[in-house]
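Peer 1: Dumping the structure here so I can ask a few things about it.
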Amino acid sequence: MKKLTKFLAIIAILLTTAALAACAGAETPAGQAAQTGQTAQQSGQVAAENGAVHLQVLWFNDFDEGDSFLRLTEMYREDNPHVTFELIEVPFHDLEDRLRNLIIGGMPPALARLTNLGPFQNWLVDLYEYLGEDFGDNFNDGLRFEFNGRMLAAPKDVTVNGIVYNRTAFEQAGVSVPQNESEIWTWEEWRAVMEQVVANSDVTYGLVFDRTSHRFSTLFYQAGASMLTPDLSASNFNTPEMHRAVTFFKELHDDGFLPASVWLGADNPNLLFRSGQVAMHFAGSWMLANYIAEIDDFEWGFTYLPMDVRRSSVPGGKYIAALQGTGVEAEAARFIEWISQPEINAIFMLENNFISQIRGNEMLDYEFGAEFFRIFASDLAASGSQPGAEWGFQEFTGLINVDLREGLSEVLAGILTVEEYLEMMDDLITRSLADINS
Amino acid sequence: MKNLQMRMFPYLMLLPMMIIFTLYLFWPALNGVWISLHSWDGLNPMAFLGLTNYTQLLDDRNFTRAFSGTMIFTAITVPSIYVTSLALAIMLTRKIKAAGLFRAIFYWPTMVSSIIVGLSWRFLLGESFGLVNFVITSFGFEPVRWVTNANMALFTIAFVTTWSLAGYYMVMLIAGLKSISETYYEAAEIDGANFWQQFFFITLPLLRPMSLLVLVLSTVTVVRSFPLILALTGGGPAGATRFMVQQIHETGFSRLQMGYASAMAVVLFGVLAILTIVQFRLNRGGEQDAN
């Protein structure tokens, strides 16, 4: 019995460690994180001898724009030979985890490409401090970069949710997409068109829809709904307009316009569209470079987003930010200033088919798909300010993003009713706002 | 003095391993318990909450759903792994041709990364574009919702998990079977015992220590399943296959609630400890039946 007790004790200890290590292993006490400033300078991040500066850049790719970025760093080095760069490329879904670990590990990178500044606000360099408050004037409205009077990052490129279609399938079916704003479909018209395309072409499904809250939100903004009140102070989720948007999305799945394997499974919508078996992909402007390089088997193009009671898209984008506690904040800020010059920014935008947020780069001369950029601009201009304001409130979206998506999946699976989902989200949003304000 | 040295010697030999365990296992684990008493986003300063995270777990439908899902998945998968691996082990310890080849074939899935296993089966079982459904529909049948129907997805991952792990436990059970003396079976045959009588009255009782080991290890492995399920179903449909470890990961790294996720991890430990103790009790600590 004694032996058994000892054995059980050992097993229990081992199991404790095994079960907890997965969670705790990546964590460091906040006290350690507070010492980041000193440890970073001791970590080898800074190579300041003889004026040499080493800038680590944490980067993710939509396609292969990292190569383009590296070419720009070489241009920068022509006038600044004392600066060297190191690109740490990570998958997008690992980006924030990796940055968090680097920060709490005391080795923040000098620069990071980010889409969400919310969790990192306390760790980003205030660019106004190094570049002056005029620096913010270089950017158009769109992506929010100023938080509590501090400029935490420079917007690099703007994205806009959009819809790409299989032109070959549409031609097979004898259907054309809207050619101008006056021809934009309502979703009901779109549904009728999809029936025609699926029936008369090689595609199996009408649409694949990226499995993200951000993409889905386009539908509810078009329905006249929003997550928050216009002043962003209270929940506005449980409304008839939101009910209609969620119900419509469920009907699209129930009626077989959308394959269940994306929102209820783990299929990649990008790959499904590229396989040629889907007529349309609800994604966004960032897919342009990917599809130019990857689709050879059929013709494709972007078209206007269908509308409900109003037109809307949702803006998004990427920033480049400098991190505190690296010892090279000033050089990192100088590089951000350099790369944000219109002529330098234009190189990156044109090579990668991105939309710029730099003043003066609104209308670039893209080699491919100039008409698509006009469509993106049109969708964005018709969107109003609420989508950008809500998704720019990143402290908030970080708290509700996962539940918004997962709850919607439960509605599609019949686990939650639409009413239950709206009540659940309304409650979560109210609690999240209370947490933010406490 | 010599006596003291003799007493100290084993502990000195254990010291390097204990240092490694302390640094990489015990300390993070204790740190996890500490974090579970706080609100923390993984980056900014922690705020002490006491046991609030634990009391919140009781009202959290995502947690209770993941918890009950994990228990159901374990209840299906562990017996399935044990039965499959035992059947394979018995088959391969009998005098059949190319037993070594079959042993290698059955063991092979355990050498493949669980992510690759998940992705491969997703390629085969994808509802809209999977190979199996392609074959089924080409014969004029309706496609099967392998991973987009909640019940079907549960059985799909139980099957794939069994497929990927059975070979590993098969090897352990083969070792256990080979340690049973042939004389028992010879005596039983002389007494006229058939295959099933030999199995129930000789093999199973004498295999009890190894069976306990297989059951404990497979339970711990199955409860902590994560990469394979993530690759195969992503936790879907609608969270039907989102089990404890994925829930902990999502809570910590997507919702940025590290303290709350740590509380879940502590509960998971408690569950594993209880399951292990119950298995020990039921198997009488793996002791063989004296009769």
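The values are calculated or read from the model by the stated rules, or taken from the named source; none is laboratory data. It should be emphasised that the depicted structure is a prediction, and the values quoted were computed from it without experimental measurement. In this analysis, Cβ positions are derived from the backbone assuming ideal geometry, glycine residues included, and neighbour counts consider all displayed protein chains. For the accessible areas, the whole protein counts, side chains as well, though only heavy atoms, and no ligand, DNA or RNA atoms are used. Shrake-Rupley method; radii C 1.70, N 1.55, O 1.52, S 1.80 Å.
Peer 1: With the structure loaded, tell me whether B:Arg94 is free of Cβ contacts under 8 Å to residues at least 12 places away in the same chain, open to solvent by 80 Å² or more (accessible area, probe 1.4 Å) and more than 14 Å from every other protein chain (Cβ to nearest Cβ) or whether it fails that test.
Peer 2: Criteria met by B:Arg94.
Peer 1: Residue under question is B:Ala166, and the condition is that it be open to solvent by less than 30 Å² (accessible area, probe 1.4 Å) and within 28 Å of the chain's Cα centre (by Cα); does it hold?
Peer 2: yes
Peer 1: Count, please, the residues in the stretch B:213-245 that happen to be assigned to a helix (DSSP H, G or I) and either within 11 Å of chain A (Cβ to nearest Cβ) or closer than 17 Å to B:Gly167 by Cα (or both).
Peer 2: 18
Peer 1: Kindly indicate whether any position in the stretch B:221-233 is over 22 Å from the mean Cα position of the chain (by Cα) and buried (at least 20 other Cβ atoms within 10 Å of the Cβ).
Peer 2: No, there is no match, as no residue in the stretch B:221-233 is over 22 Å from the mean Cα position of the chain (by Cα) and buried (at least 20 other Cβ atoms within 10 Å of the Cβ).
Peer 1: A further question on this structure: Which of the residues spanning the stretch A:160-176 are open to solvent by 10 Å² or more (accessible area, probe 1.4 Å) and at negative phi?
Peer 2: Selection gives A:Tyr165, A:Arg167, A:Thr168, A:Glu171, A:Gln172, A:Ala173, A:Val175, A:Ser176.
Peer 1: Continuing with the same structure: Considering each residue of the stretch B:182-212, count those that are buried (at least 17 other Cβ atoms within 10 Å of the Cβ) and within 27 Å of B:Thr77 (Cβ to Cβ), and give that number.
Peer 2: Number of matching residues: 7.
Peer 1: Now, a different point. Against the conditions (1) under 27 Å from A:Asp64 (Cβ atoms); (2) in a loop (DSSP other than H, G, I, E, B), where does A:Asp141 fall short? Just the number, please.
Peer 2: Result: A:Asp141 passes all but (1).
Peer 1: Give, as residue ranges, the helices (runs of 4 or more DSSP H) completely inside the stretch A:258-322 that count at least 1 residues that are closer than 30 Å to A:Pro109 by Cα.
Peer 2: Details: elements: A:260-263, A:269-274, A:287-294.
Answer list for the stretch A:258-322: A:287-294.
Peer 1: Here's another thing I want to ask about it. So which of B:Ile72, B:Ile19 is surrounded by fewer than 17 Cβ atoms within 10 Å (Cβ to Cβ), more than 12 Å from chain A (Cβ to nearest Cβ), over 30 Å from B:Ala175 (Cβ atoms) and touching a residue at least 24 places away in the same chain (Cβ under 8 Å)?
Peer 2: B:Ile72
Peer 1: I would also like to ask the following. Go over the candidates B:Arg242, B:Arg281, B:Arg255, B:Arg224 one by one and state the one that is charged (D, E, K, R) and at pLDDT 90 or above.
Peer 2: None of the others qualify; the one that does is B:Arg242.
Peer 1: Next question. So which residues in the stretch A:404-438 are open to solvent by less than 20 Å² (accessible area, probe 1.4 Å) and acidic (Asp, Glu), if there are any at all?
Peer 2: Once the filter is applied, which keeps residues that are open to solvent by less than 20 Å² (accessible area, probe 1.4 Å) and acidic (Asp, Glu), the stretch A:404-438 yields A:Glu406, A:Glu410.
Peer 1: How about the stretch A:72-87: which of its residues are assigned to a helix (DSSP H, G or I) and loosely packed, with under 13 Cβ neighbours inside 10 Å?
Peer 2: Answer for the stretch A:72-87, where residues must be assigned to a helix (DSSP H, G or I) and loosely packed, with under 13 Cβ neighbours inside 10 Å: A:Glu74, A:Glu78, A:Asp79.
Peer 1: So in the stretch A:275-293, with the set limited to residues that are open to solvent by 20 Å² or more (accessible area, probe 1.4 Å) and within 11 Å of chain B (Cβ to nearest Cβ), which one is farthest from the chain's Cα centre (by Cα)?
Peer 2: Restricting to residues being open to solvent by 20 Å² or more (accessible area, probe 1.4 Å) and within 11 Å of chain B (Cβ to nearest Cβ), the top hit is A:Gln277.
Peer 1: Taking the stretch A:97-129 as the search range and keeping residues that are open to solvent by 50 Å² or more (accessible area, probe 1.4 Å) and either assigned to a helix (DSSP H, G or I) or in contact with an Asp or Glu (Cβ under 9 Å, 6 or more places away or on another chain) (or both), which one is farthest from the other protein chains (Cβ to nearest Cβ)?
Peer 2: Per the criteria, the residue is A:Glu129.
Peer 1: B:Gly140 passes all but one of (1) in contact (Cβ under 8 Å) with a residue 12 or more places away in the chain; (2) on the phi > 0 side of the Ramachandran plot; which number fails?
Peer 2: Of the numbered conditions (1) in contact (Cβ under 8 Å) with a residue 12 or more places away in the chain; (2) on the phi > 0 side of the Ramachandran plot, the odd one out for B:Gly140 is (1).
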